[in-house]
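Below is one structure; the comments refer to it alone.
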Amino acid sequence: MFEEFKTKAEGVSAEVHRFGSAEEALGFLVDFMAKEGVAEQEGQYGVMADCPFLSSVDRAVLEGVEGLSFDLSRDRAAKALVGISQVDWAMADTGTLVQDATAIDKRLVSTLPTIHVALIATSGLRADMPSVLAEADPQTANYIAMITGPSRTADIERVLTIGVHGPERLVIVFIDELGGIN
Amino acid sequence: MQKEFKQSIDRALHNANLTGALGKFSEAYKVNRAKAYEGIDFEALRTTIADLKGDAASHIDELCDLFQKNAEAKGTKVFRANDPEKVREYILKVARENGVKSIVKSKSMATEEIHLNPYLEKAGIEVNETDLGEWIIQLAGQTPSHMVMPAIHMTKEEVSDIFSKEVDERLSSDIPRLVKVARNEMRPKFLRADMGISGGNIAVAETGSVALVTNEGNARMVTTLPKIHIAVVGVEKLVEKFSSIAPILKALPRSATAQLLTSYVTIVSGPTPTDDGGMKELHVILMDNHRSDMAADPLFKEALQCIRCASCLNVCPIFRLVGGHVFGKVYTGGIGTILTAWHDELKSSEDIQGLCIQCGACKDVCPGKIDIPGLIMEIRRRLVKDKGMSMVQKSIFTVVNNRRVFHGMLRAASVAGKPFTKGTKFIRHLPMFLADLTDGRSLPAIAAKPFRDIFPTIEQPKGLQEKAVFYAGCLIDFAYPEMGEALVKILNKGGVEVLFPEGQTCCGAPARYNGAYETAAGNAVDNIDALLAEEADYVVSACPTCTVALDHEFIATFESLGRKKYLPKARELAAKTMDFSTLVKKLVDEGRLTLKEGEQLGKITYHDSCHLKRTLKADQPPRELLTKAGYEVTEMFECDICCGMGGSYTVKLPEISAPILQRKLKNIKDTEAPVVAMDCPGCVMQIRGGMDQDGAGVDVRHTVELIAKQIVGSLE
Ligand code: SF4
Ligand code: SF4
């Protein structure tokens, strides 16, 4: 299923990574932010929404990253380069991520920054939308978000262009041994 | 037809950007759509969607109640309104109560339908469309030309001009750069907006949820950043179950933009926290605006199965020539014609319904399984019923309804037409009601001797095992009797005796396609009586339009008119009816008819007649017959796109019919095949006439003529 997901997600310009443990994923995140130049500077901020991943790793490592904040305002998110959040499910047949995004922070970090990094427990992988809809509960989740690749448009002369209002890049990080909700 | 309407068509046809963009898009769309649906059983999927939406349409009130109950339980404010005025007032009231100064909107047809933006702007509120296409249109002061791609008619140069004015800086027409400009311009608008307005692609009654589908991410911001969110949802978007989201979203992106799924799907099921620690105010407006009236109409209820994917526009040979603006300000294309007739009034669709050439291409791809051309025909019928026909039409159909007079006139036409034919098979002008059909096409001469006079002179072998009643139809009877002769010869060889009841007359299609159902019913009765009078195994026709009349439309006409008496006989006739190629293929398969072996007849290309392919689903038998006969079938580009004939369409809208024909001729010529075959005498008339004027020298033939030469025992 993972391979199918990867093919489909990459088909819509998402970047897909997979790690065995939360520590490895943490290492990736830190390197990634360094590489992209996350810093305490407008347009270069990193923002991260609260998520189970944070309790599986040494939070201090992330807190040590300059420019990355957990305390969110819409303005900070709007001026951020990288937004990080954890999502709940993935749908293999379309390469889609699904998230109970009722908490506003999850949405701010995934809509406003230029790059969205989505963490997901590999156990959250499902075959398709019917399987996810069977588990997602609209009674408790007032905002269910599905994300397939970065923001795109073809409104000018039908030319596909990435990154209109939402992120220009979607970086997906699968973690096999994350524990947590799934 | 209104003069302004004709002018708008003219403008569209001369807008090279528009026709170029739409033409290119429609070609790419076909390929991409097929790819997106790979491995998916489309028929099963659309049956699921049609069933669940059809079921919802039968229970609109209950579903509205259920939605309201469940949504309110979650803290959503639900407002139900029939009237667009009420919807506008409600939104303004909410805005006023909350001191709203600026609004961001994500794309919503429902708000277009009620002309919300100008109303709010007049009240002094800033309204910003945030979908890129919608924003371009808004800045340009235009209306959308396509339901999914509102600005498809504009070039990047036009967009850069508009944006340049907006940002007060000369911009290049580099598309990624223009998109960046939009992103930067929109951001502050999103961040300062006090209210977000969206539509809704699906509304789920059992959970009070609204699902939104976008690619740009603007709906996520519209529903996240402002403190108030109002979703305006047409009640046809209601479904009962949460699980119904999956099949609809399996089809919608694939059909709309050939994507497996759009970048974003947002399912809002109640108020959510805002970033200042408060809670969002969520309003859902369930808008009826005549949708319940549609649901109460046994025929039009089906139109509520629409999921607004716009694929009916993308495959429509007319839409791709004229674009959306010709159709009016809101809904466009085939389904738009139907929606305009209801949301506005029947009269508003008077001109635009005439744009449909009844090719059926849209019906084939509609994920809501809506018989779009059928419903447009019904609009036509009701218009005629309400308003009556023009005097000219009336006199024509009075003639058509009286076989003796009608056939008498056709015979007279053969004499009158003679001086113009100059010994060729073409005349430039046909007398009487086919007059004016000239642009880019020569017309056949009325035959000196109609098939009905030739038939008694044909000697058929004795003791043949089966019998077929031949229904010739006007074109074969009076213009192409040689096709009828060829058919008799072939069937005889296959052991079938051909009967030709004299009482047969026009199949009623011309009347029906003009909304004159009473005339069509009269034709149907005459034909049923004539064709069933003789004992036979089959009723065969070599004209797909006639075959469809016999097989489907007699029944449909009686049903529309509520005439039950003739239905059993109409069904009996339908059960016996077969198109020429299917019957001959059957005879060949059964070993009763043998085609000459080992012939090498060279390249041929095949044009699919709309009715044969889409209503009768018989696109393969003629190809198989031609291949068996020794032709090498080379498919042309867009082999199944209409040739622009469509009966009287060529008279009413020659400016549209002509470019469609030209495109067809080009596609035929591009194959470099010296012969093009087809199964419809109407298409032969259109394409042969076009080729004659074009001078390309491609031989245009009915399959019956080609097969007749290749049966064992034939001397030619
Ligand atoms: S009528 Fe059918 S094809 Fe047209 S928009 Fe509606 S669902 Fe799509
Ligand atoms: S039947 Fe053909 S012409 Fe009519 S709306 Fe559908 S695609 Fe267009």
When every residue in the stretch B:334-352 that is at pLDDT 85 or above and open to solvent by less than 20 Å² (accessible area, probe 1.4 Å) is compared, the one nearest to ligand 2 (Cβ to nearest atom) is B:334
Filter the stretch B:153-162 for residues that are free of Cβ contacts under 8 Å to residues at least 60 places away in the same chain and more than 10 Å from chain A (Cβ to nearest Cβ); the one that is surrounded by the fewest Cβ atoms within 10 Å (Cβ to Cβ) is B:161
Would a scan of the stretch A:156-169 turn up a residue that is without any contact (Cβ under 8 Å) to a residue 24 or more places away in the chain and crowded, with 24+ Cβ neighbours inside 10 Å?
yes
The residue that is farthest from the other protein chains (Cβ to nearest Cβ), considering only those in the stretch A:1-21 that are among the polar types (S, T, N, Q) and either within 17 Å of residue A:167 (Cβ to Cβ) or not in a helix (DSSP H, G or I) (or both), is A:21
Filtered residues of the stretch B:97-143 (kept if of a type in the set (D, E, K, R) and in contact with a Lys or Arg (Cβ under 8 Å, 6 or more places away or on another chain)):
B:112, B:126, B:129, B:131, B:134
Considering residues that are of a type in the set (D, E, K, R) and assigned to a helix (DSSP H, G or I), the number found within the stretch B:549-586 is 9
Filtering the stretch B:301-330 down to residues that are open to solvent by less than 10 Å² (accessible area, probe 1.4 Å) and in contact with a His (Cβ under 8 Å, 6 or more places away or on another chain), which residue is nearest to ligand 2 (Cβ to nearest atom)?
B:313
Selection count, the stretch B:527-550, where residues are out of contact with any strand residue (DSSP E or B) (no Cβ under 9 Å at 6 or more places or on another chain) and within 14 Å of residue B:474 (Cα to Cα):
1
Given the conditions (1) touching a residue at least 40 places away in the same chain (Cβ under 8 Å); (2) away from ligand 1 (no atom under 15 Å from the Cβ); (3) within 26 Å of residue B:245 (Cα to Cα), which single one is not true for residue B:294?
(2)
With the requirement that a residue be farther than 22 Å from residue B:381 by Cβ, under 16 Å from the mean Cα position of the chain (by Cα) and more than 8 Å from ligand 1 (Cβ to nearest atom), what does the stretch B:297-329 give you?
B:314, B:315, B:317, B:319, B:320, B:321, B:322, B:323, B:324, B:326
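Take residue B:492 and decide whether it is open to solvent by less than 10 Å² (accessible area, probe 1.4 Å), assigned by TED's automatic domain parsing to the domain that holds residue B:466 and of a type in the set (S, T, N, Q). Talk me through it step by step, then tell me what you get.
On the way: open to solvent by less than 10 Å² (accessible area, probe 1.4 Å): no; assigned by TED's automatic domain parsing to the domain that holds residue B:466: yes; of a type in the set (S, T, N, Q): yes.
It is false that residue B:492 is open to solvent by less than 10 Å² (accessible area, probe 1.4 Å), assigned by TED's automatic domain parsing to the domain that holds residue B:466 and of a type in the set (S, T, N, Q).
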For residue B:360: the one exception among (1) out of contact with any Lys or Arg (no Cβ under 6 Å at 6 or more places or on another chain); (2) more than 18 Å from residue B:304 (Cβ to Cβ); (3) within 13 Å of ligand 2 (Cβ to nearest atom):
(1)
Hey, can you tell me all the residues within the stretch B:258-269 that are at the interface with chain A (Cβ under 7 Å from one of its Cβ atoms) and surrounded by fewer than 24 Cβ atoms within 10 Å (Cβ to Cβ)?
B:260
Do you know which residues across the stretch A:70-107 are more than 11 Å from chain B (Cβ to nearest Cβ), of a type in the set (D, E, K, R) and closer than 15 Å to residue A:52 by Cβ?
A:88
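What is the residue count in the stretch A:108-132 for residues that are within 7 Å of another protein chain (Cβ to nearest Cβ) and open to solvent by 10 Å² or more (accessible area, probe 1.4 Å)? First the steps, then the outcome.
Of the stretch A:108-132, the ones within 7 Å of another protein chain (Cβ to nearest Cβ) are A:108, A:111, A:129-130.
With open to solvent by 10 Å² or more (accessible area, probe 1.4 Å) added as a condition, the list becomes A:129-130.
The number of residues fulfilling the criteria is 2.
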Set B:574, B:521, B:556: member being surrounded by fewer than 23 Cβ atoms within 10 Å (Cβ to Cβ), at pLDDT 95 or above and under 25 Å from the mean Cα position of the chain (by Cα)
B:574
Sole exception among (1) open to solvent by 10 Å² or more (accessible area, probe 1.4 Å); (2) in a strand (DSSP E or B) for residue B:254, by number:
(2)
Filter the stretch A:22-69 for residues that are within 14 Å of chain B (Cβ to nearest Cβ) and of a type in the set (Asp, Glu); the one that is surrounded by the most Cβ atoms within 10 Å (Cβ to Cβ) is A:50
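What residue, of B:499, B:532, B:561, is assigned by TED's automatic domain parsing to the domain that holds residue B:460 and either open to solvent by less than 10 Å² (accessible area, probe 1.4 Å) or within 24 Å of the chain's Cα centre (by Cα) (or both)? Steps first, answer last, please.
Working: B:499 fails: either open to solvent by less than 10 Å² (accessible area, probe 1.4 Å) or within 24 Å of the chain's Cα centre (by Cα) (or both); B:532 fails: either open to solvent by less than 10 Å² (accessible area, probe 1.4 Å) or within 24 Å of the chain's Cα centre (by Cα) (or both).
When all the criteria are applied, what remains is B:561.
The values are calculated or read from the model by the stated rules, or taken from the named source; none is laboratory data. The model shown is predicted, which means the values in this text are computed figures rather than measured ones. With ideal geometry, Cβ positions are generated from the backbone for all residues, glycine too; neighbour counts draw on all protein chains shown. Quick note on the areas: whole protein, heavy atoms, side chains included, nothing else; ligands and nucleic acids left out. Shrake-Rupley method; radii C 1.70, N 1.55, O 1.52, S 1.80 Å.
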